[in-house]
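These notes are about the structure you will find just below.
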Amino acid sequence: SQQEIYSLYKTQKADVVMFGDSHTYSINWSEALARPAIANRGIRGDILQGFIKRIDNVIALQPKVCFLMGGINDFYAYVSVDKVFTQYCELIETLRSHNISVVLQATLYVGAARADAAERNKQVTELNTKLRAYAATHSLRFIDINPLISEHAALKTEMTVDGLHLNARGYQLWLPEVEKALVAEGL
């Protein structure tokens, strides 16, 4: 499994951990941002329950900042918005209890042609509304790239390879937002 692969990595410490699913997994953040101290801990197809199970591996790296994004796989696995939000809160509280600054990233929409897209995207909107409010209440940085890559609450065709995963154009718009947050976090 990808988790077993990560356990082989010799990195003992990373200032920044990118924690998520395939969206996070699919790019080399360290190279894309020319910042050596970034560890990618994205796993394709992961759900938030999986994030919770492997959070100790993130904490062990003693990051200053953890970027967090998930949720879409949960919705395709018929996990409710409320359950996903509750698990998000658990993850955030756990990370913050270890003095890790959390940058919350909005869950991305899927393309309109994907199976159940309208229903899934409605859930994404609901979740992001809750996450945005949580971030505001708890003074967390919140990144939402959906306005850059989506329209009418659906991922634009030209931003994706398959209606779910981003292509280079999608990442091109995401990277500066991550960079801005890193600078704002003093990194």
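The values are calculated or read from the model by the stated rules, or taken from the named source; none is laboratory data. Not measured: the values here are computed from a predicted model. No Cβ is skipped: glycine too gets one built from the backbone with ideal geometry, and neighbour counts run over all protein chains shown. We work out accessible area using only protein heavy atoms, side chains counted, and drop any ligands, DNA or RNA first. Shrake-Rupley method; radii C 1.70, N 1.55, O 1.52, S 1.80 Å.
Here are the numbers for this structure:
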quantity	calculated
Neighbours by Cβ (under 9 Å, 6+ apart or cross-chain): first from the range 39-63, at positive phi; second crowded, with 21+ Cβ neighbours inside 10 Å and modelled with pLDDT under 95	none
Among residues of the range 111-162, those that are closer than 27 Å to residue 91 by Cα, surrounded by 19 or more Cβ atoms within 10 Å (Cβ to Cβ) and among the hydroxyl-bearing types (Ser, Thr, Tyr), counted	1
Matching option when the condition is more than 16 Å from residue 178 (Cα to Cα) and in contact (Cβ under 8 Å) with a residue 12 or more places away in the chain, among 113, 118, 106, 133	113
Failed criterion for residue 14 (all others in (1) without any contact (Cβ under 8 Å) to a residue 24 or more places away in the chain; (2) open to solvent by less than 30 Å² (accessible area, probe 1.4 Å) hold)	(1)
Residue in the range 94-104 that is within 21 Å of residue 157 (Cα to Cα), not polar (S, T, N, Q) and not in a strand (DSSP E or B) present	no
Options 55, 92, 38: the member that is modelled with pLDDT of 95 or more, surrounded by 14 or more Cβ atoms within 10 Å (Cβ to Cβ) and either under 13 Å from the mean Cα position of the chain (by Cα) or of a type in the set (Gly, Ala, Ser) (or both)	92
